[in-house]
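Working notes, beginning with the structure itself.
The values are calculated or read from the model by the stated rules, or taken from the named source; none is laboratory data. What you see is a predicted model; the values in this text were computed from it and never measured. Neighbour counts are summed over all protein chains in view; Cβ atoms, including those assigned to glycine, are modelled from backbone coordinates with ideal geometry.
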Amino acid sequence: MADLFLLLLTLLAPAFVADYSNISEHVIRTADLRLAGDGRFAELTFEARAGDVVTITARGEALDVVLDVLGPEGDRLAYNDDWAGGQAVESGDPALAGLSVTDAAAVRLPVSVDGALIVRVNTFNGEGAGDVAVEVWRTEPLTVSVGETVWAPIPSAGSVQVSVEADEGPFTITVSDASGQLDPVAQVFDAAGVLIAANDDHAGVSLDLNRFDSAVRVRQAGRFDLRITEFMGRAGWVKVQVALD
């Protein structure tokens, strides 16, 4: 029954293309990295600042590329294989234009410290040889206010962050599947980075949300960080809306 429900969601999901025309994005680093097919990765570094939001893509001709992003201390910030979960996605984001289903990307990755970030690429089994084109884009963070809607991309096995601004409360943030197959999980953090609310599978009755969508109620006004993941680690797009209660 659950499989039939998911199939109906997929068939009924509207065609979706995000609008990034009002977002400033530009490439800050490019490189062609050579993989020898002997299991060793190739890497590049770039300088980043705390507060930056970056998208990093790795494209390989007939290669199943995997991508690792490490912080200045060597801690893993992101990992990706098959940027859209093996699906063909028309995102509308210029940083992601032309990616094949087996390319890799860290989408809208927030940077919390100054320093050199390391980008490592390889193939899934380490045996593929060839060139991988890497691009690093600096972009603006996604922001949504009360009464507004924004579409956000969740990378495979990753998360996306959206800044939420509200002049009054209480208000509710809804995160709904725009790809027809996702189970989004929403977490809300206050300005101090403390988790104040979270939801997976809202409990209310709504004609606008399916049973796997999320709804989070926040009692006070302010600026908050919304972190969205997918329960099974799948990639796709979600619609984020904020409305006063």
(request) Determine which single condition Val101 fails, assuming it passes every other condition in (1) under 17 Å from the mean Cα position of the chain (by Cα); (2) modelled with pLDDT of 95 or more; (3) β-branched (Val, Ile, Thr). (result) (2)
(request) Can you give me the number of residues within region 133-147 that are of a type in the set (A, V, I, L, M) and either without any contact (Cβ under 8 Å) to a residue 24 or more places away in the chain or closer than 11 Å to Thr55 by Cα (or both)? (result) 2
(message) Quick test of your reading of the structure: Thr123 fulfils all but one of (1) assigned by TED's automatic domain parsing to the domain that holds Trp237; (2) among the hydroxyl-bearing types (Ser, Thr, Tyr); (3) farther than 25 Å from Phe224 by Cβ. Name the failing condition by number.
(response) (1)
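How many residues are among the polar types (S, T, N, Q) and closer than 20 Å to Asp114 by Cβ when one looks only at region 23-73?
Taking region 23-73 first, the residues among the polar types (S, T, N, Q) are 24, 30, 45, 55, 57.
This time we only want the ones that are closer than 20 Å to Asp114 by Cβ, so: 45, 55.
Count: 2.
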(message) For region 201-237: of the residues being modelled with pLDDT under 90 and either charged (D, E, K, R) or buried (at least 17 other Cβ atoms within 10 Å of the Cβ) (or both), which is nearest to Ala105 (Cα to Cα)?
(response) Ala235
(message) Can you tell me which of (1) more than 27 Å from Asp68 (Cβ to Cβ); (2) modelled with pLDDT of 90 or more; (3) in contact with a strand residue (DSSP E or B) (Cβ under 8 Å, 6 or more places away or on another chain) is the one Val194 doesn't meet?
(response) (3)
(request) Can you give me the number of residues within region 38-74 that are in a strand (DSSP E or B), more than 11 Å from Val136 (Cα to Cα) and over 18 Å from the mean Cα position of the chain (by Cα)? (result) 3
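Could you please let me know if Arg59 is closer than 30 Å to Ala191 by Cα and among the basic types (Lys, Arg)?
On the way: closer than 30 Å to Ala191 by Cα: no; among the basic types (Lys, Arg): yes.
No: the conditions fail for Arg59.
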